[in-house]
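I have placed the structure first, in the form of structure tokens, so that the comments after it can refer back to it.
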Amino acid sequence: MYARITNILFATIFFGLAFVLSSTVAFAQFPTKYKEKKQLNLTKYDRKLLHFGFSLGMNYSDIAVKTVGNIQSLDSVYIVEPKGAVGFNLGIVSDLRMGEHFNLRFIPGISFVGRGMQYTFIEQDSVPVVYDKTVNSVYLEVPLYFKFRSRRINNWRVYIIGGGKFLYDMATKEEVKSDEIILKMKREDYTWDLGVGIDFYLEYFKLSTEVKMAFGLNNLLVEDQTAFTNSIQSLKSKTFLFSIYFE
């Protein structure tokens with residue numbers, strides 16, 4: 001399922017980028033009378049050097065798992081599978097105009113993320129036993145993005161966005177000592193993000209919808225010498241985000 005979402009998003013970004021470039025060229029060639037078919041909202045909005053807003057979003061978070069080569073010979077572990085879950089995001093938008101088509105965006109925020117792992121063990125009687133280990137995180141996010149916008153067509157325009165962010169998990173159990181075996185993940189993470197969106201210029205504010213993928217760069221695995229970590233070489237985050245911006 002996650003691979004399908006990733007493929008769809010990359011295809012969307014590819015066609016979105018093609019549309020941004022083609023519309024920029026085509027719009028410049030249109031006669032003036034075709035460019036002014038509708039009454040334009042917020043005509044001076046894009047001339048502002050700096051503007052602010054906020055964002056609301058939903059995320060689907062998962063884990064990219066890399067297991068050791070001889071997993072089925074370690075502590076009876078037979079299968080290790082990631083389990084994704086839905087969460088939500090809140091952010092504050094600061095947008096700096098860098099030119100007619102480029103913006104620099106700083107969107108610090110907080111995200112609530114749920115994900116986990118499912119382990120299948122083969123016991124001595126050859127009966128498979130399944131264990132679910134869930135990790136709930138509350139991330140403080142510090143992202144920095146570049147936004148490339150098409151030319152404005154009436155009251156909307158398409159854009160491509162990309163960059164990276166730093167995440168700090170305020171709910172991690174990395175250092176927690178417990179009698180129960182829990183799956184621990186590191187507190188810090190780094191991701192590179194890529195997405196596509198549409199800006200809608202309404203009468204009093206700009207509304208934007210955006211889809212984005214975030215790919216983790218940091219190995220989140222905390223090795224605690226248990227059967228739940230000895231079978232894993234690395235854990236990296238994968239997140240699909242849908243966001244709505246009010247600016």
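Just a few scattered comments:
So that you can scan it fast, the table gives a plain yes or no per residue for (1) surrounded by 15 or more Cβ atoms within 10 Å (Cβ to Cβ); (2) closer than 21 Å to Thr172 by Cβ; (3) touching a Lys or Arg at 6+ places or on another chain (Cβ under 7 Å):
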| residue | (1), (2), (3) |
| --- | --- |
| Gly197 | yes, no, no |
| Lys206 | yes, no, no |
| Lys212 | yes, no, no |
| Glu223 | no, yes, no |
| Leu235 | yes, yes, no |
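- Against the test of being farther than 30 Å from Leu40 by Cβ and not charged (D, E, K, R), the options Ser234, Ser243 yield a single qualifying residue, Ser234.
- Condition met for Ile160 (within 30 Å of Lys44 (Cβ to Cβ) and surrounded by 14 or more Cβ atoms within 10 Å (Cβ to Cβ)): yes
- Condition met for Glu180 (farther than 26 Å from Gly57 by Cα, in contact with a helix residue (DSSP H, G or I) (Cβ under 9 Å, 6 or more places away or on another chain), of a type in the set (D, E, K, R) and modelled with pLDDT under 95): no
- Residues of region 142-163 satisfying the condition of being hydroxyl-bearing (Ser, Thr, Tyr) and either within 14 Å of the chain's Cα centre (by Cα) or part of a loop (DSSP other than H, G, I, E, B) (or both): Tyr145, Ser150
- All positions within region 93-126 that are small (Gly, Ala, Ser), modelled with pLDDT under 95 and either in contact with a helix residue (DSSP H, G or I) (Cβ under 6 Å, 6 or more places away or on another chain) or not in a loop (DSSP other than H, G, I, E, B) (or both): Gly114, Gly116
- Contacts under 8 angstrom Cβ, first residue in region 63-82 being modelled with pLDDT under 85, partner acidic (Asp, Glu), 6 or more apart: Ser76/Glu123
- Test: residue in region 184-198 that is at pLDDT below 95, closer than 16 Å to Ser61 by Cα, of a type in the set (A, V, I, L, M, F, W, C) and out of contact with any helix residue (DSSP H, G or I) (no Cβ under 6 Å at 6 or more places or on another chain): yes
The values are calculated or read from the model by the stated rules, or taken from the named source; none is laboratory data. Quick caveat, the model's predicted, so the values are computed rather than measured. Using ideal geometry, Cβ is built from the backbone for each residue, glycine included, and neighbour counts are taken over all protein chains shown.
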